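The values are calculated or read from the model by the stated rules, or taken from the named source; none is laboratory data. Everything quoted here is computed from the prediction, not taken from an experiment. With ideal geometry, Cβ positions are generated from the backbone for all residues, glycine too; neighbour counts draw on all protein chains shown.
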């Protein structure tokens, strides 16, 4: 897959608000394409920060007149001390002293980079809610802006623009957001209210939100997702484990709770009595970590990624890289191929359903550094068809320990070269093996709660069509409730969630007035 990028930065409009001496110096340097931001602090020499270095712009220190010159040529500073230049993406942030007077400015160059979203376009267009993480300046907002533009061609997209970073300053949004509508936020503390207002008043199919950082915003995001609206957002943090350790934002990925096991269960699992577990379904479906400007790590199933992490096992994400020629390279995780194994397992299950008399082939596993007896015991306790093999070439998967894998033994390296999935366990315990086997053979049963809930929803829709005014469904988790709301919307019915967790449930209505 090849992607071409074009960049629009309106750099002259930013340079024109700077004092004349700084304008002249920056134009003489002539490195606008690499410029990130200009820093002006009272009593210090101004600096220009480029991609690879920082340059002092002249020998004269910044004074109040220089700062006032800039402030008089830009928009008003809001409660978060940010301002902009109308119809551009540039952002000017200020530093104030105790009396509120401005003593420093940071002018960040805003660029519309067309084509950057192609690296994750398939994910964005899948309809799944996507959460993007990454350090400041790595390109999170650029991805949001491009996502809004692409999706607005076919869907109703609303941007909740807290600091006007996505759509630019002024009342008219920047052309880079395409046909997306933009709602500005009066103060950062009201972001959650504008998020809810966007859903209730403007019927979006997609909401784009930058910098989810407070508990109220996390709760608003969950409410929006439950209503069947796709969310594309960013949050503070660099990786999944950062988010899990953040008590304010961990709700976005389902929340973490401490659970105390019975003595018998703790012995069976081979763990301590107090363990951590995911509390609820995650608000977002997919997590993208921006590791570098042209390198992304993708967790396609946040719920599964969190569960595996809490079990203490290694889980490698999918790595996507944009190379110098624009080619996008996708590296599927070599250490854990859960998705592929599940598909294979589903395929075997489907074959069994079509021809009942044909038994399912056992999953052939090659244990390296693991107790074979304990692995067989784990398979027996889960009633899974597993065959231990002695030849890695005939194995469906290789199981090994973390310390062995890091030493890159020839057997493991050979398995990866041949495309045989390698599953990495942290310890040689029965609990670790049972968890690995559950993932490797993860086939939805006939009593799959998601399918049962959706079947109940379809029955309720039929009741409404047959004359019922409303039907209340059984309590479900947030993920299933979201699917039920979407099913109601597709059936041209109305729905809302009632009650509190864990008894929160969906009720559907024949009309909005019910």
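Numbers at a glance
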{"read-out": "Test: residue in segment 454-474 that is surrounded by fewer than 17 Cβ atoms within 10 Å (Cβ to Cβ), on the phi > 0 side of the Ramachandran plot, outside any helix (DSSP H, G or I) and modelled with pLDDT under 85", "value": "yes"}
{"read-out": "For residue 147: the one exception among (1) free of Cβ contacts under 8 Å to residues at least 24 places away in the same chain; (2) assigned to a helix (DSSP H, G or I)", "value": "(1)"}
{"read-out": "Residues located in segment 96-118, provided they are part of a strand (DSSP E or B) and crowded, with 16+ Cβ neighbours inside 10 Å", "value": "102, 103, 104, 105, 106, 107, 108, 112, 113, 114"}
{"read-out": "Residue 183 vs. criteria touching a helix residue (DSSP H, G or I) at 6+ places or on another chain (Cβ under 6 Å), under 26 Å from residue 494 (Cβ atoms) and assigned to a strand (DSSP E or B)", "value": "yes"}
{"read-out": "Within segment 47-58, considering residues that are touching a residue at least 24 places away in the same chain (Cβ under 8 Å) and surrounded by fewer than 16 Cβ atoms within 10 Å (Cβ to Cβ), the one nearest to residue 71 (Cα to Cα)", "value": "58"}
{"read-out": "Output for segment 475-496, where each listed residue is more than 24 Å from the chain's Cα centre (by Cα) and part of a loop (DSSP other than H, G, I, E, B)", "value": "475, 491, 492, 493"}
{"read-out": "Those helices (runs of 4 or more DSSP H) lying entirely in segment 1-79 with at least 1 residues over 21 Å from residue 138 (Cα atoms) and either touching a helix residue (DSSP H, G or I) at 6+ places or on another chain (Cβ under 6 Å) or modelled with pLDDT under 90 (or both)", "value": "11-15, 20-29"}
{"read-out": "Test for residue 93: is it in a loop (DSSP other than H, G, I, E, B) and either assigned by TED's automatic domain parsing to the domain that holds residue 41 or in contact with a helix residue (DSSP H, G or I) (Cβ under 7 Å, 6 or more places away or on another chain) (or both)", "value": "no"}
{"read-out": "Qualifying residues in segment 35-46 (those that are under 12 Å from residue 105 (Cα atoms) and surrounded by 16 or more Cβ atoms within 10 Å (Cβ to Cβ)) - the one nearest to the chain's Cα centre (by Cα)", "value": "37"}
{"read-out": "Helices (runs of 4 or more DSSP H) (entirely within segment 187-250) containing at least 3 residues that are assigned by TED's automatic domain parsing to the domain that holds residue 302 and under 23 Å from residue 504 (Cβ atoms)", "value": "191-202, 215-226"}
{"read-out": "Filtered residue count, segment 150-161, keeping only those that are out of contact with any strand residue (DSSP E or B) (no Cβ under 6 Å at 6 or more places or on another chain) and either within 20 Å of residue 193 (Cα to Cα) or touching a residue at least 24 places away in the same chain (Cβ under 8 Å) (or both)", "value": "4"}
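Residues checked against (1) farther than 22 Å from residue 301 by Cα; (2) over 32 Å from the mean Cα position of the chain (by Cα); (3) at pLDDT 85 or above; (4) in a helix (DSSP H, G or I):
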{"position": "344", "(1), (2), (3), (4)": "no, no, no, yes"}
{"position": "347", "(1), (2), (3), (4)": "no, no, no, yes"}
{"position": "353", "(1), (2), (3), (4)": "yes, yes, no, yes"}
{"position": "361", "(1), (2), (3), (4)": "yes, yes, no, no"}
{"position": "375", "(1), (2), (3), (4)": "yes, yes, yes, yes"}
{"position": "378", "(1), (2), (3), (4)": "yes, yes, no, yes"}
{"position": "384", "(1), (2), (3), (4)": "yes, yes, no, no"}
{"position": "393", "(1), (2), (3), (4)": "yes, yes, no, yes"}
{"position": "400", "(1), (2), (3), (4)": "yes, no, yes, no"}
